[in-house]
Amino acid sequence: MGIAVSAAAQAREHPPIGTSGPIGWLRANLFGTWWSTAVTLLLGWLLLRWAWGLIDWGVVHAVWTVPQTPQGGPDPARCRALQGAGACWAMIGDKARFILFGQYPYQQQWRPALCVLLFIALYGVSASRRFWRRELGYLWVLVLAAILALMWGGFAGLPFVANDQWGGLPITLLLSTFGLALAFPLAVLVALGRRSRELPVVRLLCVLYVELIRGVPLISLLFMASVMFPLFMPEGMNPDKLLRAQVAFILFAAAYLAEVVRGGLQALPKGQTEAADALGLSYWAKVRLVVLPQALRLVIPPLVNTFIGFFKDTSLVLIIGLTDLLTAGKVALADPVWTGFAREVYLFLAVIYFAFCFAMSRYSRGLEAHLAAARSR
Amino acid sequence: MTQAAADPRYGAAPPPRRRWRLSWNDPRTRNLAVQAAAIAVVAAAVWYLAGNAGRNLAARHIATGFAFLHRVAGIPIAEQPIPYDPATSTFARALLEGVLNTLKVSLAGIVLATILGTFVGIARLAPNWLLSRLAAVYVEVLRDIPLLLQLLFWYTLLQTLPAPRQAVHLGPAFLSNRGLRLPGLVWQPAHSWAALAALAGVVLSVLWARRARARQDATGVRPPVWPVAVALIIGLPVAVWAVLGAPLGFDVPVRKGFGFAGGVTVSPEYAALLAGLVIYTAAYVAEIVRSGIEAVPRGQWEAAGALGLRRGAILRMIVLPQALRVIIPPMTSEYLNLTKNSSLAVAIGYQDIVSIASTTLNQTGQAIEGIAIIMAVYLVISLTISLFMNWYNARVALVER
């Protein structure tokens, strides 16, 4: 008897079907009000139609391979026959290595590929908090030197490849990573200079530098590097285009990074510097041992976000004619065999850029949450 | 400060100034030396670079100075906000066209990106799961793809439109790979008067709103503001136009040869640049709006809900005005970014200031002057936007007593 009653009571304790479980979730999140229902239906319909269109274009009607012509080149006739109804992935298959590595000698393209892997490994190691110590700095120097050596070659039987033949993804990674690595020390100095109260002249110079660079578009700096820089060099000295663009990037990045670092310096409680002064530390000892270790830790998430910005901004070298990933894609489009398949190429490029930027932004958000949790403990 | 005033041991007299010694151990000497060294290094660098530049320019027979501004440019310009003729107009006028084109795309971009971004930002917080997910995907995807790639994509897409001969009819307008051809209004004096009336309507509405607020403060009764403002801003010009005989004439485009005659054109370059800038920047604006709304304490929502306001009304009347204080500083830098990003126009052939200045420096060889012009223009625009936004920020900032 008693058992039966409790069973009945249990049955009654089940929540009504409409407020929990999948149906409850649907009601709460998709069909709460008539307004919400209308939005859901409209968006759902648009999404389905669009997704179907994409699958239809990118999978169902897509051409994955094309036959060879008697001359040995690819024959795009099958792609042309589609007249835009399906994607021509065969073009990406044919051009992927050019887009990724540019004019780099075909037989040697394992070298830039290895460099890309080294870059990714370097990011991966730097992302892990376990490795945040002094040795990481040495590792960066070592890996970046190894990457340059591998790209140039000229030793151990590797043929020398001049850097006007470099191209594609390695250029994008080189410009952004070297830009960050070399701009960072400069940025720290500029941020400290901007904060110094005892040196008004230095502060003024730092303010001028940062505001001038941040006030003008990156393109004008790249133009400066490509057309104005040679005018300022002594006769006979003409650094190549990649180096000039790299210098422009470093100057650009340093101004933005300096502002990020300054944010970290400002967030540091004043008591820290006062305590360091009270201990009788010299200025540089104070900065090195007390201020920077704390301030930089605070600004790692915004630093990653700034780095994402640089990574995307490297695509601007298209305008001064350097072969980075985007330029290589555009050059591939100009191939008369494959002309007219721009959507496929741009989609391919977008996926690569997205993969890098998305990974970094997820990482930055996770780190931010972690640091916020650590602070509030 | 307060401590110094309260404690008689402090504040009575400043600490004695230490005498300045000419020794490396005196911080003042050290600071002076460091700053003198900094000035010397910068001056030496400038002197060295200027010397090189002078020698190089002389060796290449490149003129210096801005005299070229008064020469005939001969640069064909497709998009002309003010009348321009390549055969007679000067470089100065060509550059002015570029500046106006930059302003044209930046201002439209700022307005549209703000509107789109605000909607997406609000949509991210919407109770509807599908809507908020889609908004999140929009933000995430568009922020992680370089703007230049997006611009090229939109431009390519617009170029795949049919040629003018097979142009798509959209009512009286034509859509083709030469852009969108719209019917233009034939401007008549009555329209100028109506525009003036609209301006007067705005001024009168502001005055009325001020009076209404004063009245509300005095009596607690709020006179209607919106109906009056609508009547003044829309009704007044319409009335003026009707009184002057309601002239209305359209310049409808027609096919002619390989192109069109009549009407006004939105070029594909302008459309692609504007679309790219708006869609890209809106993703950032959406994040700013979202974090601004989230910064408003939950209690504000709950209190407003307890008063019986609906979600839309809460958002409009309670949350957004408070969120605005958090939103404005980052929004300012986003507007600046959009303006600077409009310089990517050069990649798709829209003739903004960067594009025209770079053509100029190719024709004259005067790279230093050309780049100086680009930088000066952007610095002036950046400063203007910053000043305006700082003024606005000061207006909406919380005034604490």
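Just one of the listed residues (A:Leu218, A:Leu199, A:Leu205) is free of Cβ contacts under 8 Å to residues at least 40 places away in the same chain, open to solvent by less than 50 Å² (accessible area, probe 1.4 Å), of a type outside the set (Phe, Trp, Tyr) and within 9 Å of another protein chain (Cβ to nearest Cβ), namely A:Leu199. With respect to the conditions (1) open to solvent by less than 10 Å² (accessible area, probe 1.4 Å); (2) of a type in the set (Val, Ile, Thr); (3) touching a residue at least 60 places away in the same chain (Cβ under 8 Å), A:Val188 falls short on a single one, namely (1).
Can you go through A:Phe131, A:Phe178 and tell me which one is touching a helix residue (DSSP H, G or I) at 6+ places or on another chain (Cβ under 8 Å), among the aromatic types (Phe, Trp, Tyr) and more than 26 Å from A:Gln103 (Cα to Cα)? I'd like the intermediate steps shown before the answer.
Details: A:Phe178 fails: more than 26 Å from A:Gln103 (Cα to Cα).
Sole residue among the options that is touching a helix residue (DSSP H, G or I) at 6+ places or on another chain (Cβ under 8 Å), among the aromatic types (Phe, Trp, Tyr) and more than 26 Å from A:Gln103 (Cα to Cα): A:Phe131.
Of everything in segment A:261-280 that is among the aliphatic types (A, V, I, L, M) and without any contact (Cβ under 8 Å) to a residue 24 or more places away in the chain, the residue that is least open to solvent (accessible area, probe 1.4 Å) is A:Ala276. In summary, B:Ile145 fulfils each of the numbered conditions (1) assigned to a helix (DSSP H, G or I); (2) of a type in the set (Val, Ile, Thr); (3) within 14 Å of chain A (Cβ to nearest Cβ) with the single exception of condition (1).
Would you check which residues across segment B:123-133 are at the interface with another protein chain (Cβ under 10 Å from one of its Cβ atoms) and surrounded by 18 or more Cβ atoms within 10 Å (Cβ to Cβ) and list them?
Just the residues of segment B:123-133 that are at the interface with another protein chain (Cβ under 10 Å from one of its Cβ atoms), to begin with: B:123, B:126-133.
Once the filter is applied, which keeps residues that are at the interface with another protein chain (Cβ under 10 Å from one of its Cβ atoms) and surrounded by 18 or more Cβ atoms within 10 Å (Cβ to Cβ), segment B:123-133 yields B:Ala123, B:Asn128, B:Leu130, B:Leu131.
In this structure, is B:Ala45 modelled with pLDDT under 80 and at negative phi?
Working: modelled with pLDDT under 80: no; at negative phi: yes.
Here the answer is no, as B:Ala45 does not meet what is asked.
Within segment B:362-375, the set of residues being facing chain A (nearest Cβ under 9 Å) and open to solvent by 10 Å² or more (accessible area, probe 1.4 Å) comprises B:Asn362, B:Ile368, B:Met375. Consider segment A:327-343 and keep the residues that are within 11 Å of another protein chain (Cβ to nearest Cβ), open to solvent by 50 Å² or more (accessible area, probe 1.4 Å) and part of a helix (DSSP H, G or I). The one that is modelled with the highest pLDDT is A:Lys330.
For every residue, the table says whether it meets (1) within 40 Å of the chain's Cα centre (by Cα); (2) under 30 Å from B:Asp352 (Cβ atoms); (3) open to solvent by 60 Å² or more (accessible area, probe 1.4 Å); (4) free of Cβ contacts under 8 Å to residues at least 60 places away in the same chain.
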{"position": "B:Gln35", "(1), (2), (3), (4)": "yes, no, no, yes"}
{"position": "B:Ala44", "(1), (2), (3), (4)": "yes, no, no, yes"}
{"position": "B:Gly74", "(1), (2), (3), (4)": "yes, yes, no, no"}
{"position": "B:Ala78", "(1), (2), (3), (4)": "yes, yes, yes, no"}
{"position": "B:Thr88", "(1), (2), (3), (4)": "yes, yes, yes, yes"}
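To keep it simple, each residue is scored yes or no on (1) more than 23 Å from B:Gly65 (Cα to Cα); (2) basic (Lys, Arg); (3) open to solvent by less than 30 Å² (accessible area, probe 1.4 Å); (4) within 14 Å of chain A (Cβ to nearest Cβ).
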{"site": "B:Pro321", "(1), (2), (3), (4)": "yes, no, no, no"}
{"site": "B:Ile348", "(1), (2), (3), (4)": "yes, no, yes, yes"}
{"site": "B:Thr360", "(1), (2), (3), (4)": "no, no, yes, yes"}
{"site": "B:Asn393", "(1), (2), (3), (4)": "yes, no, no, no"}
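For segment B:148-178, a residue qualifies if it is open to solvent by 50 Å² or more (accessible area, probe 1.4 Å), part of a helix (DSSP H, G or I) and away from chain A (no Cβ under 14 Å), and the qualifying residues are B:Arg165, B:Gln166.
Of all the criteria given as (1) modelled with pLDDT of 90 or more; (2) within 19 Å of A:Lys312 (Cβ to Cβ), the one not satisfied by A:Pro185 is (2). Scanning segment A:149-166 for residues being over 11 Å from A:Arg111 (Cβ atoms), open to solvent by 50 Å² or more (accessible area, probe 1.4 Å) and either of a type outside the set (S, T, N, Q) or without any contact (Cβ under 8 Å) to a residue 40 or more places away in the chain (or both) gives a total of 6.
Residues to consider are B:Leu116, B:Leu49, B:Leu22, B:Leu57; find the one that is over 30 Å from B:Val346 (Cα atoms), out of contact with any Lys or Arg (no Cβ under 9 Å at 6 or more places or on another chain) and not hydroxyl-bearing (Ser, Thr, Tyr). Exactly one residue qualifies, and that residue is B:Leu22.
The values are calculated or read from the model by the stated rules, or taken from the named source; none is laboratory data. Since we're looking at a predicted model, the values are computed, not measured. Cβ coordinates were reconstructed from backbone atoms using ideal geometry, including for glycine residues, and neighbour counts include every protein chain displayed. Each accessible area value is taken on the protein alone, full model and side chains, heavy atoms only, with ligands, DNA and RNA left out. Shrake-Rupley method; radii C 1.70, N 1.55, O 1.52, S 1.80 Å.
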